[in-house]
1. Quick one: putting +1 on the C-beta of Lys and Arg, -1 on the C-beta of Asp and Glu, what dipole do you get for the chain around its Cα centre, in Debye to the nearest 20?
2. Check HIS98: other-chain or 5+ apart residues with amide H under 5 Å from its amide H, H built from backbone geometry?
3. Taking every pair of distinct Cα atoms and averaging 1/r, then inverting, what Kirkwood hydrodynamic radius in Å comes out for the stretch 17-57?
4. With all pairs of different alpha carbon atoms counted, what Kirkwood hydrodynamic radius in Å does the chain show?
5. With a ≥ b ≥ c taken as the square roots of the eigenvalues of the C-alpha gyration tensor of the stretch 22-90, please select rounded if a/c is under 1.5 and otherwise prolate if a/b is larger than b/c or oblate if it is not?
6. What ranking, highest mean first, results for peptides 41-49, 148-156 when packing means the other Cβ atoms within 10 Å averaged over each residue?
7. Within a Cβ distance under 14 Å of ASP13, other residues only, what is the Lys/Arg minus Asp/Glu net charge?
8. Give me the Debye-computed log₁₀ of I(q)/I(0) at q = 0.20, 0.23 Å⁻¹ for the stretch 54-98, equal point scatterers on Cα only, no solvent, two decimals.
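The numbers here are math on the coordinates, done by the rules we state, and not lab data. Small disclaimer: the values here were computed from a predicted structure and weren't measured. Every residue, glycine as well, gets a Cβ built from its backbone with ideal geometry; the counts of neighbours run over all protein chains shown.
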Amino acid sequence: MPTTELLWLSEADDDLRAEIHTVVHDVVAAGGAVGYHEPPAYDRISTWLDTVLKQVRDGDAAFTAATVDGVVRAVGLWRRGSTAVFQHRAEVQQIMAHPSARGLGLGKRVMEGLVTNARERGIEIVMLGVRGNNHGAIELYESLGFRECGRMPNAIAVGGERWDDVWMYLPLGYPEGTTLNGAAPGGKGSSPRRT
């Protein structure tokens, strides 16, 4: 049985960058739905990683890499909302496992780690977007408690094909004394119904 471990990164040396690039490149080459039309070049992933790791150091993100026998074979991250009214929530992004490591449960391990990390950091809601045809990922997210909260039909473009953009969320808990107003009328930002 291979040895697996979750690493929480705030910096990445050349070896880690190469391993992360291999995961992203090979997932995209195998048809993975992770945001790229073509397998990205090393420089593009390195630049993306610089941005994410700066957000980690600033406290606005978490990035994890799952290793199998010491080699990165899965990655994932969450990013905090960018404006004051969204700082309590985070979006999970770029969840992927190298094709050679499928079936080892790395996607679930990465997701569980990200959810736990977000909860420990005071995030109240985690959300994610997933392509409508990615049924296995949707089932994984549902098994972890995520629920669908919206679907935009045929909103993801891959060449000449279109796929649903499915949004899911998982509440992690609210601070004591938080008032949950939902869609109740009144309060800041409210406007009366039009007749």
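1. 920
2. Those qualifying (amide H under 5 Å, at least 5 residues apart or on another chain) are ALA74.
3. 10.5
4. 18.1
5. It comes out prolate by the Cα gyration axes.
6. On the way: 41-49: 14.8, 148-156: 12.3.
Per-residue Cβ counts within 10 Å, averaged per peptide and sorted highest first, yield 41-49, 148-156.
7. Working: positive: ARG17; negative: GLU11, ASP14, ASP15, GLU19, ASP50.
Residues close to ASP13 contribute a combined charge of -4.
8. So the normalised log intensities work out to -0.66, -0.78.
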